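> This is the structure I have questions about; it appears just below.
The values are calculated or read from the model by the stated rules, or taken from the named source; none is laboratory data. From a predicted model like this one, the values you see are computed outputs, not experimental measurements. Cβ placement follows ideal geometry from the backbone for every residue including glycine, while neighbour counts extend to all protein chains displayed.
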Amino acid sequence: MLPHDKPMVPRDACYFLTLNTVDRIDVFVRPSYKQVIAHALNHFVQEGDVTVYAWCLMTSHLHLLVGTRKDNGHASFERDFKKFTTPEIMKAIDMEMDLRRDWMVQRFEDFSKSLKRIEKLNLWQNCSSPLHIDCSQPGLLLDRIDHIHESPVRERIVDAPETYLFSSARDYAGSRGLVKVKVIQQAGLAKLRILSSN
């Protein structure tokens with residue numbers, strides 16, 4: 001645990017979300033595209049819209065364990081996050097002169113038309129399958145955090161979760177990662193387990 005972090009247990013509504021790109025396109029293959037997501041998460045944390053407990057960005061999806069102050073706060077966060085990141089990702093794609101640009105834009109536009117949306121294009125799918133995590137069951141929180149951090153290991157991108165730059169595994173290993181996360185310490189969860197059993 002870092003000296004600036006206190007052991008913490010979520011007090012707000014906690015949700016596990018997976019945000020998928022349209023058609024599971026491997027959008028996040030370049031560091032500049034990935035950095036957009038890290039910046040966006042920090043923006044929403046700084047604005048106080050969400051607390052990020054764990055995250056991991058893969059090539060076609062983003063796993064999140066977040067806390068919101070309202071029961072349905074995850075839905076407004078998800079909507080705003082997608083709206084915020086889509087134009088930023090498109091700018092990054094244009095700056096990189098990605099050879100896949102036209103193909104990706106066509107897929108994003110086709111998806112938007114199929115939904116009869118006002119937006120010209122959709123980078124993200126609509127459904128994130130939010131899963132409410134009961135904070136009185138600390139084992140569930142730890143399982144979700146492990147699942148999130150093990151994603152790049154399962155995909156054989158890295159050997160150990162903490163070596164993957166675009167996730168919160170570094171924060172949980174005692175280093176500072178790219179996004180300001182609230183680390184859930186096992187000691188804090190043990191106290192919660194005792195309190196919930198009384």
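Residue-by-condition table, conditions (1) polar (S, T, N, Q); (2) surrounded by 17 or more Cβ atoms within 10 Å (Cβ to Cβ); (3) modelled with pLDDT under 95:
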position	(1), (2), (3)
MET1	no, no, yes
ASP5	no, no, yes
ASP23	no, no, yes
PRO31	no, no, no
VAL45	no, yes, no
THR51	yes, yes, yes
THR68	yes, yes, yes
GLU78	no, yes, yes
THR85	yes, yes, no
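> Condition test on LEU99, is it of a type in the set (A, V, I, L, M) and more than 15 Å from ASN20 (Cβ to Cβ)?
Details: of a type in the set (A, V, I, L, M): yes; more than 15 Å from ASN20 (Cβ to Cβ): yes.
When the stated conditions are applied, LEU99 passes them.
> Restricting the search to region 135-149, which residues are touching a residue at least 60 places away in the same chain (Cβ under 8 Å) and not in a helix (DSSP H, G or I)?
Once the filter is applied, which keeps residues that are touching a residue at least 60 places away in the same chain (Cβ under 8 Å) and not in a helix (DSSP H, G or I), region 135-149 yields CYS135, SER136.
> Give me a count of the residues in region 24-81 that are among the aromatic types (Phe, Trp, Tyr) and part of a loop (DSSP other than H, G, I, E, B).
Total satisfying the criteria: 1.
> A follow-up question, please. Under the condition of being surrounded by fewer than 16 Cβ atoms within 10 Å (Cβ to Cβ) and charged (D, E, K, R), which residue from region 124-149 is modelled with the lowest pLDDT?
Of everything passing the filter in region 124-149, ASP134 is modelled with the lowest pLDDT.
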